[in-house]
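Data block below; observations after.
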């Protein structure tokens, strides 16, 4: 049976397009390792942390965040491993913000004939691209537009797995076209 509607612009009936049903995405395998708390925070038990590091050692790394070396877990979201809960075998997990990354704010240079921009803050994000470099020299090329010019910013000094998360975060539809200053507190998402 076809459904019909009235086109408000034309004032006449037309058939409605079919509803496209997409399959439900598979749940993330990483959710099995940690819990979401009622207050919106996250935690991981010591047992699950050990199981994760045994089964997926590449998902646990150390990175400089906010000026100090932190233990990072890359699950369905990158997390900083926080202090262990008193009296429990569980740890707090804290989401990571862009502004906590080493080398933030990225260095910038014009790609055209223009003069260097005074501030990244008013530039608008166009896209971000992971660039594989020589060993330990991977980076993220971030293209911004401001003052009628296009600029490339470079972010390095992060582990490649974390840089891929930054690229995924910045390439979200909600981030593209936003002012750089408005993106500083974005929390990273996974590149998976």
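The values are calculated or read from the model by the stated rules, or taken from the named source; none is laboratory data. Predicted model, so just to flag it, every value in this text is computed and none were measured. Note that each Cβ is placed from the backbone with ideal geometry, even for glycine, and that neighbours are counted across all protein chains shown.
Of 14, 92, which residue is surrounded by 10 or more Cβ atoms within 10 Å (Cβ to Cβ), at pLDDT below 90, assigned to a strand (DSSP E or B) and outside the structural domain of residue 138 (by TED's automatic domain parsing)?
On the way: 92 fails: at pLDDT below 90.
Going through 14, 92 in turn, the sole match is 14.
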## Note on the structure
Of those in region 60-75 that are touching a strand residue (DSSP E or B) at 6+ places or on another chain (Cβ under 7 Å) and either free of Cβ contacts under 8 Å to residues at least 60 places away in the same chain or in a loop (DSSP other than H, G, I, E, B) (or both), the residue nearest to residue 28 (Cα to Cα) is 73
### Query
For residue 50, all conditions in the list (1) outside any strand (DSSP E or B); (2) touching a strand residue (DSSP E or B) at 6+ places or on another chain (Cβ under 9 Å) hold save one; what is the number of the exception?
(2)
### Task
Tell me, yes or no, whether region 122-145 has at least one residue that is over 19 Å from the mean Cα position of the chain (by Cα), more than 25 Å from residue 75 (Cβ to Cβ), modelled with pLDDT of 85 or more and assigned to a strand (DSSP E or B).
yes
